[in-house]
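A.B. asks: For reference, the structure I am asking about is given below.
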Amino acid sequence: MNTCRMIRTLNAAVFVTALVHCGSVQAESESEPATPTPMYLDTNRPVEERVADLIAQMTLEEKVTQFLHHSKAIDRLNVPAYHWWSECLHGVARAGRATVFPQAIGLAATFDEDLISRVASCIGDEARAKYHAAERRGQHRRYGGLTFWTPNINIFRDPRWGRGQETYGEDPFLTGQLGAAFVRGLQGDHPRYLKAAACAKHFAVHSGPEAIRHQFDAAVSPKDLHETYLPAFKSLVDASVEGVMCAYNRVNGQPCCGCKTLLTDILRNEWGFEGYVVSDCWALDDMHLRHKVTASALESAALAINNGVDLNCGHVFSKLAEAVQQGLVSEATIDRSLAHLLRTQFRLGLFDPPEMNPYTAIGPEVVDCAKHRALAREAAVKSIVLLKNRDNVLPLRRDIGDVLVVGPNATSVDVLLGNYYGLSSSMVTILEGIVDAVEPGGSVRYWQGCMLDQPNAGSLGWSTEGAKEADAVIAVLGISGLLEGERGTALASVHQGDRLDLNLPAHQVDYLRKLRAATAKPLIVVLTGGSPIAMPAVHELADAVLFVWYPGEEGGNAVADVLFGNASPAGRLPVTFPRSMDQLPPYDDYRMTGRTYRYAQQEPLYPFGFGLAYTTFDYGEVQVSPKAARPGQNVTVQVTVTNSGNTPGQEVIQMYLTDVEASVQTPRWSLQGFQRIDLQPGQSRSVTFTVTPEMMAIVDQTGHRKLESGTFRVTVGGASPGQRSQGLGAPAPVTATFDLAG
């Protein structure tokens, strides 16, 4: 019987007689005194002491059983079996019924830390409910635990990466802020217990190519490493993330899961990380089979654990006892890593009476409950980005006469899900949302019109003829998880999940041209996808363009809310949409030169941070204080924003910083603050940001951060700076400068 289940059936007085300190079972006569409680079960002791005591009871063979993703039970010590591998990218994944929130890139488009935290908290509640239900049945299965290998905070440096949809976009600051909010929501705020354990992945410098991820060597400069690829991980460590997952690839010749620089020098020693490190699944096999940095699984096990990996998703760590016997690993190293793992389990409450842990009281009624569905709808609405709205054709009237809905994604459940998804018993497609929104007396017709990933075998059917009669045509186009995703999941991708052609499939564009030729009435394009689409033709043909990502179980209702004016769109792009493939550097080049809004010189199709609303906003003069700052001093930035239109709306105010006089090349602009606010027509609000010394620091060529005197420019607006933002209708930004003294 494992400890958790024993505690549920024995009272405290009986429980302390069930174990002896040495771990052996001893029959007691009525005259013998009660056996003392083992220290590791004494809830009054500090966790570190309890962990050390439990490790002291284990043999080497027993210790080794705890280092694989499915840790075995140790019956004599009442250590429960535990499966570490669970996922919750945008809802509890791969474990049956759960609330399906928008995909991570869609959540990032909300630019809303509070929302991300609330979403993650709901996910944590459902995780607890599902875990305890399975535990009562004696089940310890993959995807059923409380240690979630989420969030993915890799930088979406190149829009061709199929897994970019799992990230929070291309900006280190936005990624760090939203990732930290997710961690706080998922893990909870109890002083003793974790609701669930988050994990920052994939550490580090990991963003494709997906087809060669198991042998790829990412060459990166110290400057790019510390300026772009590591800051988000540091933010999550500062937010007390419980786990970190090391990546498949090498960095500058060193496998990430065997790299002392990354895992020990930076993560543990420099940043002070105290949680556990897990390998990506079967990444340790890569070290001898594909990277060829070791000669065998035995050597890979030794290299990984000696340099900081604590848990192996895979089977290589089954060699650890042999590694100790051969002198490749010390038992002290085994104990160090085991302590990291057990500390997490103790913090989850797996060795404590359930009544001590408030999270054990969460019941199955929370799973996909009405409250969580409402939050999924709110998140989906907030994620939708309005890219174009010619002559304010949106929102549509709910009493519209005749709407024609076309396109391969209008009835698709797949486009609601993205990847790493759970399942809901009620998935609202975009067509269903539209049908429900149109008032009685109106007409909604639907023809698919074209295929998703290939030209029609025959004609276009009747949809173009139907467009001639409609008051508005809504074309639901784009891509799906069939065309992009993780290696092995994107069944229609010829590049193992990556999109080496960013264009909308040509036959979809051709179909849109035929629709445009058939009608002068409003032609609204709703695009699904998890990554940028190069689509200048779509922008020209359509009257309005909405990018809705993979919006989750309430996606159809959310899209209808925006189309028919129940909500004003306020999503913002967390990643740049290029005009064409010609604007991109080579995919396998990890240098940041020419990449993302921070370093690219060419004007994109849609800029980072861009998104329109059904109203307009004006920015007053930006004030900075002090105008001359001393080293170590914060600078306050203040601006007044006014809703100058006739419709209530939300604006995402973004604050960018530029070092005008840096001694090394620095980003053209760096996002260093954002706030999402509600404003009624005519209403104004003063918004304040703080520029810290850390934000002012440059990263030199050796990767070190330092402060330099000079002038800094602050830009505040509704999108990233640049001519394209204003050309698309973003409000004019405001700027100011301040000086940092030497």
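The values are calculated or read from the model by the stated rules, or taken from the named source; none is laboratory data. This is a predicted model, so every value here is computed, not measured. Every residue, glycine among them, receives a Cβ derived from its backbone with ideal geometry; neighbour counts consider all protein chains shown. Heads up: the accessible areas ignore ligands, DNA and RNA and are worked out on the full protein's heavy atoms, side chains in. Shrake-Rupley method; radii C 1.70, N 1.55, O 1.52, S 1.80 Å.
A.B. asks: Checking G722 against (1) modelled with pLDDT of 95 or more; (2) under 18 Å from Y597 (Cα atoms); (3) not aliphatic (A, V, I, L, M), which test does it fail?
C.D. replies: Failing condition for G722: (1).
A.B. asks: Within region 113-146, which residues are among the hydrophobic types (A, V, I, L, M, F, W, C) and assigned to a helix (DSSP H, G or I)? Can you show your working first?
C.D. replies: Of region 113-146, the ones among the hydrophobic types (A, V, I, L, M, F, W, C) are 115-116, 119-120, 122-123, 127, 129, 133-134, 146.
L115, I116, V119, A120, C122, I123, A127, A129, A133, A134 - these are the residues of region 113-146 that are among the hydrophobic types (A, V, I, L, M, F, W, C) and assigned to a helix (DSSP H, G or I).
A.B. asks: Let me ask you something else. How many of the residues in region 571-597 are in contact with a Lys or Arg (Cβ under 6 Å, 6 or more places away or on another chain) and assigned to a helix (DSSP H, G or I)?
C.D. replies: The number of residues fulfilling the criteria is 0.
A.B. asks: Which residues, counting only those in region 497-535, are farther than 25 Å from P395 by Cβ and either part of a helix (DSSP H, G or I) or at pLDDT below 95 (or both)? Show your work before the answer.
C.D. replies: The first filter runs over region 497-535 and keeps only residues farther than 25 Å from P395 by Cβ, leaving 497-503, 505-507, 509-510, 513-514, 517, 530-532, 534.
Scanning region 497-535 gives A506, H507, V509, D510, R513, K514, A517.
A.B. asks: Look at G729 and say whether it is open to solvent by 10 Å² or more (accessible area, probe 1.4 Å), out of contact with any Phe, Trp or Tyr (no Cβ under 8 Å at 6 or more places or on another chain) and more than 27 Å from E270 (Cβ to Cβ).
C.D. replies: Here the answer is yes, as G729 does meet what is asked.
A.B. asks: Please count how many residues of region 657-671 are part of a strand (DSSP E or B) and either at positive phi or under 27 Å from the mean Cα position of the chain (by Cα) (or both).
C.D. replies: Residues that pass the stated criteria total 4.
A.B. asks: For residues in region 96-127 being farther than 17 Å from A570 by Cβ and touching a Lys or Arg at 6+ places or on another chain (Cβ under 6 Å), which is surrounded by the fewest Cβ atoms within 10 Å (Cβ to Cβ)?
C.D. replies: S117
A.B. asks: Output the number of residues of region 487-496 satisfying the condition of being under 20 Å from the mean Cα position of the chain (by Cα) and buried (at least 19 other Cβ atoms within 10 Å of the Cβ).
C.D. replies: Going through region 487-496 one residue at a time, the tally reaches 2.
A.B. asks: Any idea which residue in region 445-460 is surrounded by the fewest Cβ atoms within 10 Å (Cβ to Cβ), counting only those that are in contact with a Gly (Cβ under 8 Å, 6 or more places away or on another chain) and not small (G, A, S)? Lay out the reasoning, then the answer.
C.D. replies: Our first condition is that a residue be in contact with a Gly (Cβ under 8 Å, 6 or more places away or on another chain); within region 445-460, this holds for 445, 447-450, 460.
The next check asks that each one be not small (G, A, S); those that pass are 445, 447-448, 450, 460.
Numbers: R445: 15, W447: 18, Q448: 19, C450: 25, L460: 20.
Once the filter is applied, the top-ranked residue is R445.
A.B. asks: Sort out which residues of region 157-182 are in a loop (DSSP other than H, G, I, E, B) and under 11 Å from the mean Cα position of the chain (by Cα), and write them in order of number. Quick ask: steps written out before the conclusion?
C.D. replies: The first filter runs over region 157-182 and keeps only residues in a loop (DSSP other than H, G, I, E, B), leaving 157-161, 167-171.
T167, Y168, G169 - these are the residues of region 157-182 that are in a loop (DSSP other than H, G, I, E, B) and under 11 Å from the mean Cα position of the chain (by Cα).
A.B. asks: Suppose we filter region 156-176 for residues that are farther than 30 Å from H132 by Cα and touching a helix residue (DSSP H, G or I) at 6+ places or on another chain (Cβ under 6 Å); how many remain?
C.D. replies: Residues that pass the stated criteria total 9.
A.B. asks: I've got another one for you. Suppose we filter N392, N409 for residues that are touching a residue at least 24 places away in the same chain (Cβ under 8 Å) and touching a Phe, Trp or Tyr at 6+ places or on another chain (Cβ under 9 Å); which single one remains?
C.D. replies: Sole residue among the options that is touching a residue at least 24 places away in the same chain (Cβ under 8 Å) and touching a Phe, Trp or Tyr at 6+ places or on another chain (Cβ under 9 Å): N392.
A.B. asks: From L679, L728, L740, grab the single residue that is of a type in the set (A, V, I, L, M) and closer than 17 Å to G632 by Cα.
C.D. replies: Working: L679 fails: closer than 17 Å to G632 by Cα; L728 fails: closer than 17 Å to G632 by Cα.
One residue alone meets the criteria, L740.
A.B. asks: Report, by residue number, each residue of region 688-713 that is touching an Asp or Glu at 6+ places or on another chain (Cβ under 8 Å), closer than 14 Å to M655 by Cβ and outside any strand (DSSP E or B).
C.D. replies: Across region 688-713, the qualifying residue is only M696.
So that you can scan it fast, the table gives a plain yes or no per residue for (1) in contact with a helix residue (DSSP H, G or I) (Cβ under 6 Å, 6 or more places away or on another chain); (2) at pLDDT 95 or above; (3) among the aliphatic types (A, V, I, L, M); (4) open to solvent by 70 Å² or more (accessible area, probe 1.4 Å):
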residue: S443; (1), (2), (3), (4): no, yes, no, no
residue: W462; (1), (2), (3), (4): no, no, no, yes
residue: I479; (1), (2), (3), (4): no, yes, yes, no
residue: L483; (1), (2), (3), (4): no, yes, yes, no
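A.B. asks: What is the residue count in region 189-205 for residues that are open to solvent by less than 10 Å² (accessible area, probe 1.4 Å) and part of a loop (DSSP other than H, G, I, E, B)?
C.D. replies: 6
A.B. asks: Within region 292-348, restricting attention to residues that are hydroxyl-bearing (S, T, Y) and out of contact with any Gly (no Cβ under 9 Å at 6 or more places or on another chain), which residue is least open to solvent (accessible area, probe 1.4 Å)?
C.D. replies: T333
A.B. asks: Hey, can you tell me all the residues within region 714-742 that are in contact (Cβ under 8 Å) with a residue 40 or more places away in the chain, within 21 Å of A109 (Cβ to Cβ) and either polar (S, T, N, Q) or not in a loop (DSSP other than H, G, I, E, B) (or both)?
C.D. replies: Those that are in contact (Cβ under 8 Å) with a residue 40 or more places away in the chain, within 21 Å of A109 (Cβ to Cβ) and either polar (S, T, N, Q) or not in a loop (DSSP other than H, G, I, E, B) (or both): T715, V716, G717, S720, R724, S725.
A.B. asks: Continuing with this model, one more query. Filter region 139-151 for residues that are in contact (Cβ under 8 Å) with a residue 60 or more places away in the chain and either more than 29 Å from K382 (Cα to Cα) or under 17 Å from the mean Cα position of the chain (by Cα) (or both) and give the result.
C.D. replies: Listed by number, the residues that qualify are H140, R142, G144, G145, T147, F148, W149, T150, P151.
A.B. asks: Still on this structure, I have one more. Can you tell me which residues in region 691-708 are exposed (fewer than 14 other Cβ atoms within 10 Å of the Cβ) and without any contact (Cβ under 8 Å) to a residue 12 or more places away in the chain?
C.D. replies: Within region 691-708, E694, K706 qualify.
A.B. asks: List the pairs whose first member sits in region 623-634 and is under 15 Å from V714 (Cβ atoms), whose second member is not in a strand (DSSP E or B), and whose Cβ atoms are under 7 Å apart, counting only residues at least 6 apart or on separate chains?
C.D. replies: A628/A741; A629/A741; N634/T692
A.B. asks: To continue, here is another question. Exactly one of these conditions fails for R513: (1) buried (at least 23 other Cβ atoms within 10 Å of the Cβ); (2) on the phi < 0 side of the Ramachandran plot. Give me its number.
C.D. replies: That leaves (1) as the condition not met.
A.B. asks: Let me ask you something else. Please specify each residue of region 64-80 satisfying the condition of being part of a loop (DSSP other than H, G, I, E, B), buried (at least 16 other Cβ atoms within 10 Å of the Cβ) and either under 32 Å from the mean Cα position of the chain (by Cα) or modelled with pLDDT of 95 or more (or both).
C.D. replies: Those that are part of a loop (DSSP other than H, G, I, E, B), buried (at least 16 other Cβ atoms within 10 Å of the Cβ) and either under 32 Å from the mean Cα position of the chain (by Cα) or modelled with pLDDT of 95 or more (or both): T65, Q66, F67, H69, A73, P80.
A.B. asks: Can I ask one more? Here are some residues: V220, V237, V241, V277. Which one is assigned to a strand (DSSP E or B) and not acidic (D, E)?
C.D. replies: The unique qualifying residue is V277.
A.B. asks: Quick test of your reading of the structure: I474 fulfils all but one of (1) surrounded by fewer than 15 Cβ atoms within 10 Å (Cβ to Cβ); (2) out of contact with any Gly (no Cβ under 7 Å at 6 or more places or on another chain). Name the failing condition by number.
C.D. replies: Exception for I474: condition (1).
A.B. asks: Just one of the numbered conditions (1) in a loop (DSSP other than H, G, I, E, B); (2) open to solvent by 40 Å² or more (accessible area, probe 1.4 Å) is not true of Q638; which one?
C.D. replies: For Q638, the exception is condition (1).
A.B. asks: I need the full set of residues from region 514-539 which are within 18 Å of N389 (Cβ to Cβ) and among the charged types (D, E, K, R), in order please.
C.D. replies: Matches in region 514-539: R516, K521.
A.B. asks: Another one. Which residues, counting only those in region 102-157, are aliphatic (A, V, I, L, M) and in contact with a Pro (Cβ under 6 Å, 6 or more places away or on another chain)?
C.D. replies: A108, A109, A129, A133 - these are the residues of region 102-157 that are aliphatic (A, V, I, L, M) and in contact with a Pro (Cβ under 6 Å, 6 or more places away or on another chain).
A.B. asks: Restricting attention to region 122-138, which residues are closer than 30 Å to G529 by Cβ and either over 14 Å from the mean Cα position of the chain (by Cα) or at pLDDT below 95 (or both)?
C.D. replies: Result: C122, G124, D125, E126, A127, K130.
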